[in-house]
Every structure is written in structure tokens, then in C-alpha cells.
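Inspection log for the structure reproduced underneath, given as C-alpha cells.
The values are calculated or read from the model by the stated rules, or taken from the named source; none is laboratory data. Keep in mind the model is a prediction, meaning the values are calculated, not measured. Positions of Cβ are backbone-derived with ideal geometry, glycine not excepted, and every protein chain shown enters the neighbour counts. We work out accessible area using only protein heavy atoms, side chains counted, and drop any ligands, DNA or RNA first. Shrake-Rupley method; radii C 1.70, N 1.55, O 1.52, S 1.80 Å.
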Amino acid sequence: MFKIRSLKVAGFKRLDLPERQEFPDGRLLIHGRNESGKSTVLEAIHYALYGNPLRPTKRASNEDIINYGRREAVVELEFSIDDSVYMVRREIRKQGANTHILSERRADGGLSRVTSGARDVNDHILEILHGIDSDALLNSCLVEQKELGKLEASTKQERIKAMSSLLNLEAFVDARDSLRKDRRELELTHSQTGLR
């Protein structure tokens with residue numbers, strides 16, 4: 001099961017959470033006035049996981065992500081899945097190269113680097129999340145209030161695809177097909193042995 005453990009943000013759009021926000025039970029409830037930054041918290045989580053913002057577009061420039069007057073933004077998310085804990089850190093700069101680091105938390109509490117670089121971190125996180133990509137997350141459980149219309153307007157097929165990805169149903173279908181194949185082979189072997 002995927003759980004958010006902590007979030008730290010500096011200069012990401014208008015959001016600053018300089019002190020690490022801990023979520024010990026993995027739950028996150030955000031409330032506040034309109035335009036107070038609730039959606040930006042969700043966007044920071046999304047950015048940490050997938051390396052792209054939600055607005056103005058998924059291909060927004062660094063200028064669109066970094067708070068006005070700042071030179072960089074940092075998003076650091078710690079999450080657990082299955083029996084492992086990971087920390088992803090993304091530093092976005094107006095000038096110079098961005099930094100993307102994925103680390104795994106060791107038993108002693110320290111961090112061991114798993115990989116770095118945008119593409120490698122993105123690919124590794126997608127693998128860790130068992131194929132749950134940005135669209136699956138956005139179409140299923142990470143929906144901003146303003147974007148509920150998108151979820152409601154999606155076709156049945158789009159919702160099925162999103163939920164299948166989120167629940168990793170392809171793995172169950174593959175396992176079922178493999179078991180059926182093994183069963184047919186066993187039945188064939190049994191019938192051939194009975195004929196002898």
C-alpha cells in the first residue's frame with residue numbers, strides 16, 4: 001500500500017512548507033479558503049512523484065513552477081510502498097541544471113541513493129508504484145476540486161483504464177492466464193499419462 005510519510009516544499013509556485021510536514025498514518029486532509037494553496041500541495045506531491053506540474057500544463061517551464069522572486073524550488077516527498085520507504089527530492093532552477101534524486105530509507109534510518117536524473121528517477125518511481133502513472137493517479141484519487149468535472153466527463157473506458165492501472169489489475173490478469181496455461185498443461189500431461 002502506498003502512503004505519504006512527509007512533505008517539504010520551498011518556492012514551489014506560492015507554496016512554502018519549510019518544516020517537514022509528517023503524515024504518520026499516511027493520511028492527508030487539506031482544507032482552507034479558496035485560493036489558499038490546497039491544490040498546490042497536491043500538485044507538489046504530483047511533481048515529486050512524476051516530475052511534471054499540473055498547471056498551466058504538464059509541460060510548463062521552470063519559470064511557471066518557481067515562486068516569483070526565487071531562483072529555485074525544492075520538493076521533497078517521503079513515501080512508503082509495500083515494505084520499503086523512499087525519499088524523492090527534486091530541485092528546479094531558473095538557471096542551470098535541475099536535480100532529481102531518489103533514495104531508499106535504510107533500516108538504520110539513513111538514506112541510500114537509488115538513482116538520479118529526471119528520466120531515471122521517473123522510470124524507477126513508475127516501477128516502484130507498479131505502473132501507476134500520472135494519468136491513473138489523476139483520474140482516480142488525486143483530483144483537485146476544480147478538476148472534478150474532468151473526472152465526471154471521462155468515458156467509462158478511461159475510468160476503467162485508470163482504475164486498472166491504479167489497482168494493478170494487469171498483474172492479476174497475467175497471473176490468472178499463467179495459472180490457466182499451467183492447468184491445461186497439467187491436464188494434458190495427466191491425460192497422456194492415463195493413456196499409457
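Here are a few things to note about the model shown:
- Total residues in the stretch 9-23, condition part of a loop (DSSP other than H, G, I, E, B) and under 16 Å from M87 (Cβ atoms): 1
- Within the stretch 4-24, the set of residues being touching a Lys or Arg at 6+ places or on another chain (Cβ under 8 Å) and within 22 Å of I132 (Cα to Cα) comprises S6, L7, F23.
- Condition met for R27 (under 17 Å from L137 (Cβ atoms), assigned to a loop (DSSP other than H, G, I, E, B) and not aromatic (F, W, Y)): yes
- For the stretch 18-60, the set of residues classified as without any contact (Cβ under 8 Å) to a residue 12 or more places away in the chain and surrounded by 13 or more Cβ atoms within 10 Å (Cβ to Cβ) consists of A60 only.
- Taking the stretch 105-125 as the range and being touching a residue at least 12 places away in the same chain (Cβ under 8 Å), open to solvent by less than 70 Å² (accessible area, probe 1.4 Å) and on the phi < 0 side of the Ramachandran plot as the test, the residues that pass are V114, T115, S116, A118, V121, N122, H124, I125.
- Residue within the stretch 86-104 that is free of Cβ contacts under 8 Å to residues at least 60 places away in the same chain, farther than 26 Å from P18 by Cβ and either touching a strand residue (DSSP E or B) at 6+ places or on another chain (Cβ under 8 Å) or open to solvent by less than 30 Å² (accessible area, probe 1.4 Å) (or both) present: no
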